[in-house]
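Notes follow once the structure below has been shown.
The values are calculated or read from the model by the stated rules, or taken from the named source; none is laboratory data. Nothing here was measured: the structure is a model prediction, and the numbers come from that model. Here the Cβ is made from the backbone with ideal geometry for all residues, glycine too, and neighbour counts use every protein chain on show. For accessibility, only protein heavy atoms count, side chains too; no ligands or nucleic acids. Shrake-Rupley method; radii C 1.70, N 1.55, O 1.52, S 1.80 Å.
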Amino acid sequence: MNFNAETKTHGAVLREILLFLSEKMPQLRFRLSPGFDSRSAYVLELESDKKEVIVKLGLFIKTSSARRQPWKFSFTDMHQFEMSELNKSTDEVFVLFASGEDGVAGINYSTLKEILDEEYEEMEWVVVRRKPNQSYRISGSNGKSERPINKSAFLTSIIECIENELSASGA
């Protein structure tokens, strides 16, 4: 089995998510599976100790090997279709931008739709920037302005989503 740079980056991002969730919510079990035909899509199921799936999250990871910003991520119409389908089959979708060796910026699906609208073009893009000691700034080909995103906000957003789903289900 060969591991290219994209595979290694996906592994690092998924590792951070799973370690963070294990620390914050040790009572839950996790199951990770590929989503659709894309190399970028994953489904993360969280189970109770009774092995009931209580939360199902979609993760869509985009990578950039550029060492310096701005990091540009392209989205084909098929990527956007896959994310839309992932959004229909999960409780929430998070789009994660692995920005070189700088870190990960992440947004949920509804925020992505503010910068990439529902009109899928053949190729669209998202740009991620970050000045030293500041938040990431994300903009897209259809967005009106940049959106600030804290460097580790995607992990907090995932926890908040899970907590909301848990309280809604009474688990």
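From the list K56, K72, the lone residue that is open to solvent by 70 Å² or more (accessible area, probe 1.4 Å), touching a residue at least 24 places away in the same chain (Cβ under 8 Å) and not in a loop (DSSP other than H, G, I, E, B) is K72. The set of residues in segment 91-123 being touching a Phe, Trp or Tyr at 6+ places or on another chain (Cβ under 9 Å) and of a type in the set (S, T, N, Q) consists of S99, N108. Going by what's in this entry, would E52 be described as over 26 Å from I138 (Cβ atoms) and either at pLDDT below 90 or in contact with a strand residue (DSSP E or B) (Cβ under 8 Å, 6 or more places away or on another chain) (or both)? Yes. Within segment 77-85, not a single residue is in contact with a helix residue (DSSP H, G or I) (Cβ under 9 Å, 6 or more places away or on another chain), within 21 Å of L19 (Cβ to Cβ) and surrounded by 22 or more Cβ atoms within 10 Å (Cβ to Cβ). Residues in segment 34-53 that are part of a loop (DSSP other than H, G, I, E, B) and open to solvent by 40 Å² or more (accessible area, probe 1.4 Å): F36, D37, R39, D49, K50, K51, E52. On the stretch given as segment 79-127, residues that are among the aliphatic types (A, V, I, L, M) and touching a residue at least 60 places away in the same chain (Cβ under 8 Å) total 4. In the set V93, V128, V104, only one residue is assigned to a strand (DSSP E or B), more than 23 Å from R67 (Cβ to Cβ) and within 15 Å of the chain's Cα centre (by Cα); that residue is V93. Of the residues making up segment 109-132, those that are touching a helix residue (DSSP H, G or I) at 6+ places or on another chain (Cβ under 6 Å), open to solvent by 40 Å² or more (accessible area, probe 1.4 Å) and not acidic (D, E) number 1.
Taking every residue in segment 14-35 that is closer than 21 Å to M83 by Cα and touching a residue at least 40 places away in the same chain (Cβ under 8 Å) and pairing it with any residue that is of a type in the set (S, T, N, Q) and buried (at least 16 other Cβ atoms within 10 Å of the Cβ), at least 6 positions away or on another chain, the pairs with Cβ-Cβ distances below 9 Å are G35/T90. Just one of the numbered conditions (1) in contact (Cβ under 8 Å) with a residue 40 or more places away in the chain; (2) charged (D, E, K, R); (3) in a strand (DSSP E or B) is not true of R137; which one? Of (1) in contact (Cβ under 8 Å) with a residue 40 or more places away in the chain; (2) charged (D, E, K, R); (3) in a strand (DSSP E or B), only one is false for R137: (1). The residues of segment 86-104 that are of a type in the set (G, A, S) and either modelled with pLDDT of 95 or more or open to solvent by 40 Å² or more (accessible area, probe 1.4 Å) (or both) amount to a single one, S89.
Check T63, T9 and return the single one that is assigned to a helix (DSSP H, G or I) and surrounded by 16 or more Cβ atoms within 10 Å (Cβ to Cβ). Being assigned to a helix (DSSP H, G or I) and surrounded by 16 or more Cβ atoms within 10 Å (Cβ to Cβ) holds for just one of T63, T9, which is T9.
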